[in-house]
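Report on one structure; see the data block that follows.
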Amino acid sequence: MAGVDVLLVGPGAMGCLHAALLAEAGVSVGLLDYRPERAERIAARGIVLERDGAETIVPVACSACASDFEPARLVIIVVKSHATEAAARHALGACDDQSLVLTLQNGLGNWERIAAIVAAERVLAGTTSTGATLLGEGRVRLAGVGHTRLGSPRGSVDGARWAAGLLADVGLRAEAIEDVEGALWTKAIINAAINPLTALTRRPNGELLADEGLRQTMALVAEEAAAVARACDVDVGAEMPSVVEDVCRQTAQNRSSMLQDVSAGRRTEIDFINGEIARRAAERGMPAPLCNVLTALVGGLAEGN
Ligand code: KPL
């Protein structure tokens, strides 16, 4: 049994990156996969971390069996949103009644789905702008350390402060915040405006600014999604189109996670981003035509892969 402080659930780009950075800094880390053969290969080889053109191999305990790990103090769920419930149930085997469970996933509704499985006061939710690209199995490129903001939607802020401190200590620029919903919606709006357009046009984020039609479409999606947030009583600030443009500039070379998914023939998170925003708009009798159209187009694209 491996005694771990932090258990990452999901060996995708974010899971591998966080596991490698934490392990490198001396934190005891585990990585929980759902595919036993892949977990064995990652455990045997370690995680290959590419950073500034150089490669480091970081040994990490990896298994598909949660009971191989002693209860973790912090469990970080970084699977795609369609796998949230399965991942949270799987991770229960490596939790005790003190373990905090943090979601750093894209999309809306993840912490609520986790809180239906783990006691809600132990669930943390956050966003990260740290960029990672999965280059292959257990092989990840750090595209840049961004900001990680996390809070406790139903618990006390102490757990969030402790978790943010742990991540900040390894250089992950993490902070605890009060307004978790505002942060989650802001990130969801950024993803709703950028990700589908990059997936449909196969362009990196920065190129959306170079094409006037795409830039305007991105702004309209951001405005539509921000109006839905406000109708849900979430304060996302007035300038979402310019926030989205800033993110495009800062991540100009990035291939968005949705473009990476479409290129690899994987299911995308469109239903949990634009689809979920449109669903919440419909609940309030609001139209969200752009989010609906983008959900249908990216959904159709994924099926064709
Ligand atoms: O979060 C992202 C993603 O790709 O999912 C952005 C911010 C758009 C960066 O690529």
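Restricted to the stretch 102-117, and to residues there that are free of Cβ contacts under 8 Å to residues at least 60 places away in the same chain and open to solvent by less than 10 Å² (accessible area, probe 1.4 Å), the residue that is nearest to the ligand (Cβ to nearest atom) is Thr103.
Here Glu224 meets each of (1) near the ligand (Cβ under 10 Å from one of its atoms); (2) among the charged types (D, E, K, R); (3) surrounded by 24 or more Cβ atoms within 10 Å (Cβ to Cβ) with one exception, condition (1).
Taking the condition assigned to a strand (DSSP E or B), in contact (Cβ under 8 Å) with a residue 24 or more places away in the chain and surrounded by 24 or more Cβ atoms within 10 Å (Cβ to Cβ), does Leu8 pass? It is true that Leu8 is assigned to a strand (DSSP E or B), in contact (Cβ under 8 Å) with a residue 24 or more places away in the chain and surrounded by 24 or more Cβ atoms within 10 Å (Cβ to Cβ).
The residues of the stretch 167-186 that are open to solvent by less than 40 Å² (accessible area, probe 1.4 Å) and assigned to a loop (DSSP other than H, G, I, E, B), listed by number, are Val170, Leu172, Ile177. Can you confirm whether the stretch 192-209 contains a residue that is crowded, with 24+ Cβ neighbours inside 10 Å and closer than 30 Å to Leu74 by Cα? There is at least one residue in the stretch 192-209 that is crowded, with 24+ Cβ neighbours inside 10 Å and closer than 30 Å to Leu74 by Cα.
Checking each residue in the stretch 122-158 for being in contact with a Cys (Cβ under 9 Å, 6 or more places away or on another chain) and on the phi > 0 side of the Ramachandran plot picks out only Gly138. The set of residues in the stretch 213-227 being more than 21 Å from the chain's Cα centre (by Cα) and under 28 Å from Pro153 (Cβ atoms) consists of Glu223, Glu224, Ala227. Summed over the stretch 187-201, the residues that are more than 10 Å from the ligand (Cβ to nearest atom) and either outside any helix (DSSP H, G or I) or of a type in the set (Ser, Thr, Tyr) (or both) give a count of 1. Applying the condition of being of a type in the set (Gly, Ala, Ser) and modelled with pLDDT of 95 or more to the stretch 228-280 and asking which residue is nearest to Asp179 (Cα to Cα) yields Ala229.
Of all residues in the stretch 27-59 being over 22 Å from Ala143 (Cα atoms) and open to solvent by less than 10 Å² (accessible area, probe 1.4 Å), which is farthest from the chain's Cα centre (by Cα)? The extreme case among them is Ala39.
The values are calculated or read from the model by the stated rules, or taken from the named source; none is laboratory data. Everything numeric in this text was worked out from a predicted model, so none of it was measured. Methodologically, a virtual Cβ is constructed for each residue, glycine included, from the backbone with ideal geometry; neighbour enumeration extends over all protein chains shown. Accessible surface areas use protein heavy atoms only, side chains included; no ligands, DNA or RNA. Shrake-Rupley method; radii C 1.70, N 1.55, O 1.52, S 1.80 Å.
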